[in-house]
């Protein structure tokens, strides 16, 4: 600190440039200037995914596949009774979902219509991951591990049959951390998966709940250098969200925000600085209202029990997809976190996804070509270690 005496003989205190005292509100002023510079600088230094002919490859990093074989084998489990998006839904929502599956089921389970839709959307490669209700965390651990293996083998088969258009993201049984690590190793090393998809909670427990002991899973994912795609399945305590499809509309980004906040405040991101986590649906609410948690960290000791730096500094390590449904919101996401931390996503084939992802990106005003190339494919190629 240094002091300056003004004309009224009042002592004014100003901080040195490197001041990191959490009681002083420096974060907001620094972030706005830093993000604009950082976006351009990072965009200029990242590799772009291009084909041999020089065309930018478009990679969809948020899309789903449902194995028909696994679906048939698990029909007896009545998985819907464990699904918050079904449990906390009124009759109209349930009927609408059933009707949707009649038309979108072939897209979710097949290849022919999927490839046509990819061509229509301008998507060259899909990083396919399981349909969210195939997490199967509610099962007994050994059986859950068997189901995760079957889900992964189904995706590996899809990729092997059409290797130029698909890569795989697997599933792991998070209800048992040791089995999760074992399946992570298998699906990456044996099946060639480029990462895994996990839910934002495990049977209603936060990912950082001590009883889950998932730090060993995060440590192994960091060691392998693979991508963790974190996808919600509604909010697990959604008594007030049963109407108007609220447990998807509100519940999905809410559950993502809760999960991200725990990963930050409980120290997972601090302990594993190289961990690569992609958050669905534009990062949920926390990616667009991050300043409140920074303020809380500065203002209150109960928000500084674990982490030593402001929360947004850990939030900046996450990756976010483009599913924001609005070019201005996408623009702010890119400006805040950098073009190198945003990836194209569609949520294919669900109706809450984006059927024209390139069109949305094209509407973002004054987006540099280098930034666009990173978002549509360059970042995904780097995260998934793709070679074209």
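The values are calculated or read from the model by the stated rules, or taken from the named source; none is laboratory data. Not measured: the values here are computed from a predicted model. With ideal geometry, Cβ positions are generated from the backbone for all residues, glycine too; neighbour counts draw on all protein chains shown.
Taking residue 254 as the residue in question, decide whether it is touching a residue at least 60 places away in the same chain (Cβ under 8 Å), within 20 Å of the chain's Cα centre (by Cα) and surrounded by 17 or more Cβ atoms within 10 Å (Cβ to Cβ). For residue 254, the condition - touching a residue at least 60 places away in the same chain (Cβ under 8 Å), within 20 Å of the chain's Cα centre (by Cα) and surrounded by 17 or more Cβ atoms within 10 Å (Cβ to Cβ) - is not met. Against the conditions (1) surrounded by fewer than 18 Cβ atoms within 10 Å (Cβ to Cβ); (2) under 25 Å from residue 104 (Cβ atoms); (3) in contact (Cβ under 8 Å) with a residue 24 or more places away in the chain; (4) out of contact with any helix residue (DSSP H, G or I) (no Cβ under 7 Å at 6 or more places or on another chain), residue 356 satisfies every one except (4). Screening region 134-155 for residues that are part of a helix (DSSP H, G or I) and closer than 23 Å to residue 279 by Cα and picking the one that is modelled with the lowest pLDDT gives 134.
Among the residues of region 219-231, which ones are touching a residue at least 12 places away in the same chain (Cβ under 8 Å) and not in a loop (DSSP other than H, G, I, E, B)? Steps first, please.
We begin by selecting, within region 219-231, every residue touching a residue at least 12 places away in the same chain (Cβ under 8 Å); these are 219-222, 224-231.
Scanning region 219-231 gives 219, 220, 221, 222, 224, 227, 228, 229, 230, 231.
Taking residue 61, is it in contact with a strand residue (DSSP E or B) (Cβ under 9 Å, 6 or more places away or on another chain), closer than 24 Å to residue 250 by Cα, surrounded by fewer than 22 Cβ atoms within 10 Å (Cβ to Cβ) and touching a residue at least 12 places away in the same chain (Cβ under 8 Å)? Let's see the steps before the verdict.
Numbers: in contact with a strand residue (DSSP E or B) (Cβ under 9 Å, 6 or more places away or on another chain): yes; closer than 24 Å to residue 250 by Cα: yes; surrounded by fewer than 22 Cβ atoms within 10 Å (Cβ to Cβ): no; touching a residue at least 12 places away in the same chain (Cβ under 8 Å): yes.
When the stated conditions are applied, residue 61 does not pass them.
Residue 247 meets the conditions (1) assigned to a loop (DSSP other than H, G, I, E, B); (2) in contact (Cβ under 8 Å) with a residue 60 or more places away in the chain; (3) crowded, with 17+ Cβ neighbours inside 10 Å in every case but one. The failed one is (1). If you go through region 157-204 and keep only what is surrounded by fewer than 24 Cβ atoms within 10 Å (Cβ to Cβ), part of a loop (DSSP other than H, G, I, E, B) and at negative phi, you end up with 162, 163, 164, 165, 175, 176, 191, 194.
With a cut-off of at least 3 residues that are in contact with a strand residue (DSSP E or B) (Cβ under 9 Å, 6 or more places away or on another chain), name the helices (runs of 4 or more DSSP H) lying wholly within region 256-361. Quick ask: steps written out before the conclusion?
Details: elements: 268-271, 291-299, 311-315, 327-337.
By residue number, 327-337.
The single residue among 366, 382 that is at pLDDT 95 or above, exposed (fewer than 14 other Cβ atoms within 10 Å of the Cβ) and farther than 21 Å from residue 119 by Cα turns out to be 366. Checked against (1) more than 27 Å from residue 303 (Cα to Cα); (2) in contact with a strand residue (DSSP E or B) (Cβ under 7 Å, 6 or more places away or on another chain), residue 242 passes all but condition (2).
Considered as a group, the residues in region 116-133 that are part of a helix (DSSP H, G or I) and out of contact with any strand residue (DSSP E or B) (no Cβ under 9 Å at 6 or more places or on another chain) include one that is surrounded by the most Cβ atoms within 10 Å (Cβ to Cβ), and that residue is 133. Any residue at all in region 205-218 that's touching a residue at least 60 places away in the same chain (Cβ under 8 Å), under 29 Å from residue 315 (Cβ atoms) and assigned to a loop (DSSP other than H, G, I, E, B)? For region 205-218, residues touching a residue at least 60 places away in the same chain (Cβ under 8 Å), under 29 Å from residue 315 (Cβ atoms) and assigned to a loop (DSSP other than H, G, I, E, B): present.
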